[in-house]
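The values are calculated or read from the model by the stated rules, or taken from the named source; none is laboratory data. Everything numeric in this text was worked out from a predicted model, so none of it was measured. Note: ideal-geometry Cβ built from the backbone for every residue, glycine included; neighbour counts use all protein chains shown. SASA here: full protein model, heavy atoms, side chains in, ligands and nucleic acids out. Shrake-Rupley method; radii C 1.70, N 1.55, O 1.52, S 1.80 Å.
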Amino acid sequence: MHEMSLAEGVLQIIEDHAAKAGFARVKTVWLEIGALSGVETEAMRFCFDAVTHGSVADGAALEIVTTPGTGWCMRCGVSVPMTERYDPCPRCGGYQLQVQGGTEMRIKELEVE
Ligand SMILES: [Zn+2]
């Protein structure tokens, strides 16, 4: 489950930020997860709760914002929406799609106190 190491990475960022900004508690974490990132949201929630236990983000609410995937169809010559990495082009049904967006995961916002 690679979500565990991703969750650890998220916590690391939060803790670095806490040290710099000087806050003691995180109430809410908004996490953007790209539709094509391969990150399972439910697994992410579980791992986040596990790794944040006893940290500044202990008990913090995790708000997951899914960002849509987009790809470039070489046949159509346009950007098209993608929900799965190996989906065909919704316009021409071809598989010559290059993934453009929706592959990343990042912290969008933190609510602290
Ligand atoms: Zn196409």
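Structural remarks
- Nearest-ten-degree value, helix 41-52 long axis tilted from longest Cα axis of the chain: 20 degrees
- Potential lengthening between residue 75 and residue 23 on full extension [0.36 nm per residue; Cα-Cα distance subtracted]: 13.6 nm
- DSSP-assigned coil residues among chymotrypsin sites (Phe, Trp or Tyr not before Pro) in the stretch 30-81, each with at most 12 further Cβ atoms within 10 Å: none
- Cα lying deepest toward the dipole's positive end in the chain, options 78, 26, 61, charges on Cβ: 78
- Within the stretch 1-36: backbone nitrogen closer than 15 Å to the residue 109 label point (7 Å, Cα to C-beta): 27-33
- Helical content of the chain, expressed as a calculated mean residue ellipticity at 222 nm, amounts to -9000 deg cm²/dmol (DSSP H runs of 4 or more residues, -39,500 (n - 2.57) each, divided by residue number, nearest 500).
- Sulfur and carbon atoms: percent of accessible area, the chain [1.4 Å]: 50 percent
- Helix 3-21 and the longest principal axis of the Cα set of the chain meet at an angle near 50°.
- Within the chain, antiparallel bridges make up roughly 70 percent of the DSSP beta bridges whose residues both belong there.
- Taking every protein chain into account, the accessible area of the chain amounts to 59 square angstrom per residue (probe 1.4 Å).
- Amide H contacts of residue 76: none lie under 5 Å away among residues 5 or more positions distant or on a separate chain (H built 1.01 Å from N in the peptide plane; Pro and chain starts excluded).
- Placing +1 on each Lys and Arg Cβ and -1 on each Asp and Glu Cβ, with no other charges, gives the chain a dipole about its Cα centre of roughly 500 debye.
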